[in-house]
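Enquirer: Have a look at this one before I ask anything.
The values are calculated or read from the model by the stated rules, or taken from the named source; none is laboratory data. Note that this is a predicted model, so its numbers are computed, not measured. Cβ: placed from backbone, ideal geometry, glycine included. Neighbour counts: every protein chain shown.
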Amino acid sequence: MTTTPIRFDDGAAYERFMGLWSQRVGQAFLDWLSPPAGGQWLDVGCGNGAFTELLVAECAPDSVDGVDPSEQQLAYARNRPALQAATFQAGDAMGLPYPDDSFDAAVMPLVIFFVPEPRRGVSEMARVVRLGGTVSAYAWAMMEGGFPYFPLQTSMREMGLTVPAPPCPEASRLDKLQELWTDAGLVEVETREITVERTFTDFADYWITVLGGPSVGATLATMTPEAIAELQTKVRARLTEAADGSITCSGRANAVMGRVA
């Protein structure tokens, strides 16, 4: 598998490609987390604010901060009407720009496999969360085919095409998440699987969506029309189209939560 890095610099394209997925799985994640209203929250790897927006709507936090390395993504997040009271800044998950004990909860949505050193990322979340606060995350089950666009990626690999991969896909495994949280000194650690679905109007809707995907869009843009047609045929064979032409895809994520002792 290639280790070509994945960059998220287009907030609007990300919103269509992954933002809607993020909110679907994020809703199920928050239902499971069942946090009390209020509190000071930190969204680590907040991206374009897709999950942050959901967090504000569902949890009514007293305050919410978001940190992400992409200024372009942060610009998109700052323009969301629901996030005008949120505070966003550029930063690294392995060196969070906050003092110790700054938050009641820290969450890392769909990010941990992008952190080059996941152990440091979890330790940093534990550092900035107060005693008794929660540290949580969810991530696509990359090693088990849980990524929503896995059929596309599989078809591309069959054709010998480049499919960028996150640096630490193994960090998304349930057993690895349990280990990371326990090793960071967190207690009452729990894990679970979350499966969500999304329906595309037709294959054209699906294809337009993946063209904007940062993980494959650059490769698709360089392909010949003949190669694109071949790839589309392979992808369609892996998707299930309903009688009306709509396509329903699923994604599976692994989630974890623990408390600061």
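Enquirer: Go through (1) of a type in the set (A, V, I, L, M); (2) closer than 27 Å to Val135 by Cα; (3) surrounded by 14 or more Cβ atoms within 10 Å (Cβ to Cβ) and name the single condition Leu220 misses.
Expert: (2) is the only condition that Leu220 fails.
Enquirer: When you scan the range 86-112, how many residues do you find that are exposed (fewer than 13 other Cβ atoms within 10 Å of the Cβ), small (Gly, Ala, Ser) and touching a Ser or Thr at 6+ places or on another chain (Cβ under 8 Å)?
Expert: Residues flagged as exposed (fewer than 13 other Cβ atoms within 10 Å of the Cβ), small (Gly, Ala, Ser) and touching a Ser or Thr at 6+ places or on another chain (Cβ under 8 Å) within the range 86-112 amount to 1.
Enquirer: Can you report the number of residues in the range 15-37 which are hydroxyl-bearing (Ser, Thr, Tyr) and part of a helix (DSSP H, G or I)?
Expert: Residues meeting the conditions: 1.
Enquirer: Against the conditions (1) of a type outside the set (Asp, Glu); (2) out of contact with any Cys (no Cβ under 7 Å at 6 or more places or on another chain); (3) assigned to a strand (DSSP E or B); (4) buried (at least 20 other Cβ atoms within 10 Å of the Cβ), where does Pro61 fall short? Just the number, please.
Expert: (3)
Enquirer: Given the criterion on the phi < 0 side of the Ramachandran plot, among the small types (Gly, Ala, Ser), at pLDDT 95 or above and out of contact with any Lys or Arg (no Cβ under 9 Å at 6 or more places or on another chain), identify the matching residue among Ala242, Ala184, Ala255, Ala221.
Expert: Working: Ala184 fails: out of contact with any Lys or Arg (no Cβ under 9 Å at 6 or more places or on another chain); Ala255 fails: out of contact with any Lys or Arg (no Cβ under 9 Å at 6 or more places or on another chain); Ala221 fails: at pLDDT 95 or above.
Within the list Ala242, Ala184, Ala255, Ala221, the selection yields Ala242.
Enquirer: Then there's this: Take the range 232-255 and flag every residue that is of a type in the set (A, V, I, L, M, F, W, C), assigned to a strand (DSSP E or B) and farther than 17 Å from Gly145 by Cα. Steps first, please.
Expert: Filtering the range 232-255 down to residues of a type in the set (A, V, I, L, M, F, W, C) leaves 235, 237, 239, 242-243, 247, 249, 253, 255.
Next, only the ones that are assigned to a strand (DSSP E or B) stay: 247, 249, 253, 255.
If the condition is that a residue be of a type in the set (A, V, I, L, M, F, W, C), assigned to a strand (DSSP E or B) and farther than 17 Å from Gly145 by Cα, then Ile247 is the only one that fits.
Enquirer: Filter the range 105-150 for residues that are in a strand (DSSP E or B), aliphatic (A, V, I, L, M) and out of contact with any helix residue (DSSP H, G or I) (no Cβ under 8 Å at 6 or more places or on another chain) and give the result.
Expert: As a first pass, look at the range 105-150 and keep what is in a strand (DSSP E or B): 105-109, 129-140.
Those left that are additionally aliphatic (A, V, I, L, M): 105-108, 129, 131, 135, 137, 139.
Listed by number, the residues that qualify are Ala105, Val129, Leu131.
Enquirer: Give the residue, chosen from Pro109, Pro35, that is out of contact with any Gly (no Cβ under 8 Å at 6 or more places or on another chain) and either polar (S, T, N, Q) or in contact (Cβ under 8 Å) with a residue 40 or more places away in the chain (or both).
Expert: Pro35
Enquirer: Is it the case that Ala82 is in a loop (DSSP other than H, G, I, E, B) and surrounded by fewer than 22 Cβ atoms within 10 Å (Cβ to Cβ)?
Expert: The answer is no for Ala82.
Enquirer: In addition: When you scan the range 108-127, how many residues do you find that are hydrophobic (A, V, I, L, M, F, W, C) and closer than 14 Å to Leu42 by Cα?
Expert: Residues flagged as hydrophobic (A, V, I, L, M, F, W, C) and closer than 14 Å to Leu42 by Cα within the range 108-127 amount to 5.
Enquirer: Out of everything in the range 1-51 that is of a type in the set (A, V, I, L, M, F, W, C) and at pLDDT below 80, what residue ends up being surrounded by the fewest Cβ atoms within 10 Å (Cβ to Cβ)?
Expert: The selected residue is Met1.
Enquirer: Have a look at Glu170, Glu193 and point out the one that is touching a residue at least 12 places away in the same chain (Cβ under 8 Å), part of a helix (DSSP H, G or I), loosely packed, with under 15 Cβ neighbours inside 10 Å and under 15 Å from the mean Cα position of the chain (by Cα).
Expert: Numbers: Glu193 fails: part of a helix (DSSP H, G or I).
Within the list Glu170, Glu193, the selection yields Glu170.
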